[in-house]
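Read the structure below first, then the notes.
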Amino acid sequence: MTEHQKDIFQEILARVLRNRNNLTPETHRQFWELVDEVGATEEELATMKDLLAGPIVIYMKYFFEDALISLEQGTPYKSVEREKYEQHLKSLEAITEFRIEENNQLMEQIAYKEPIQQGSKSAVMTEDMIRQALINVNLAMETINRLFTRPS
């Protein structure tokens with residue numbers, strides 16, 4: 001796959017994640033024409049999905065599910081699923097050990113109800129905020145799954 005083709009894949013994914021209404025029949029067709037153009041196998045397609053969407057969506061689903069538990073229990077929690085997925089993403093070089101540590105620290109802040117800095121603002125993560133993030137992640141997963149399902 002050329003850099004140009006990779007850029008097109010990333011642009012399509014970014015566009016449909018920004019707004020799920022961007023997943024039009026034309027965008028879906030364009031995506032699958034590109035898949036066929038590069039001759040991606042099912043295994044390569046699964047890897048591409050992991051590389052392009054994994055860190056953005058799949059990992060965040062595990063993260064926010066763990067965040068709910070951490071907030072409820074008042075102690076940082078890491079599920080086996082998130083741990084395994086971190087290792088999988090590391091093997092693909094889609095996440096670094098540094099980023100994993102940052103996420104562990106973020107989970108501590110959530111569990112201990114400490115303010116989290118986002119740009120110039122800071123806020124304590126609430127259950128409602130985490131549940132809304134999970135809704136958004138689940139909607140994004142649906143969109144990605146539709147994108148990666150070959151049209152009939």
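The values are calculated or read from the model by the stated rules, or taken from the named source; none is laboratory data. From a predicted model like this one, the values you see are computed outputs, not experimental measurements. Note: ideal-geometry Cβ built from the backbone for every residue, glycine included; neighbour counts use all protein chains shown.
From Tyr62, Tyr85, Tyr77, which residue is within 28 Å of Leu106 (Cα to Cα), outside any helix (DSSP H, G or I) and without any contact (Cβ under 8 Å) to a residue 40 or more places away in the chain? Can you show your working first?
Details: Tyr62 fails: outside any helix (DSSP H, G or I); Tyr85 fails: outside any helix (DSSP H, G or I).
Answer to the selection: Tyr77.
Let's see how each residue does on (1) more than 14 Å from the chain's Cα centre (by Cα); (2) modelled with pLDDT of 90 or more; (3) at positive phi:
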site	(1), (2), (3)
Pro25	yes, yes, no
Arg29	yes, yes, no
Leu34	yes, yes, no
Thr41	yes, no, no
Leu45	yes, no, no
Ala53	no, no, no
Leu71	yes, yes, no
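Selection within the stretch 93-112: residues that are surrounded by 13 or more Cβ atoms within 10 Å (Cβ to Cβ) and in a loop (DSSP other than H, G, I, E, B). The member of this set that is modelled with the highest pLDDT is Tyr112.
Yes or no, residue by residue, for (1) crowded, with 16+ Cβ neighbours inside 10 Å; (2) touching an Asp or Glu at 6+ places or on another chain (Cβ under 9 Å); (3) more than 13 Å from Arg150 (Cα to Cα):
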| residue | (1), (2), (3) |
| --- | --- |
| Thr2 | no, no, yes |
| Gln10 | no, no, yes |
| Thr24 | no, no, yes |
| Thr27 | no, no, no |
| Glu33 | no, no, no |
| Asp50 | yes, no, yes |
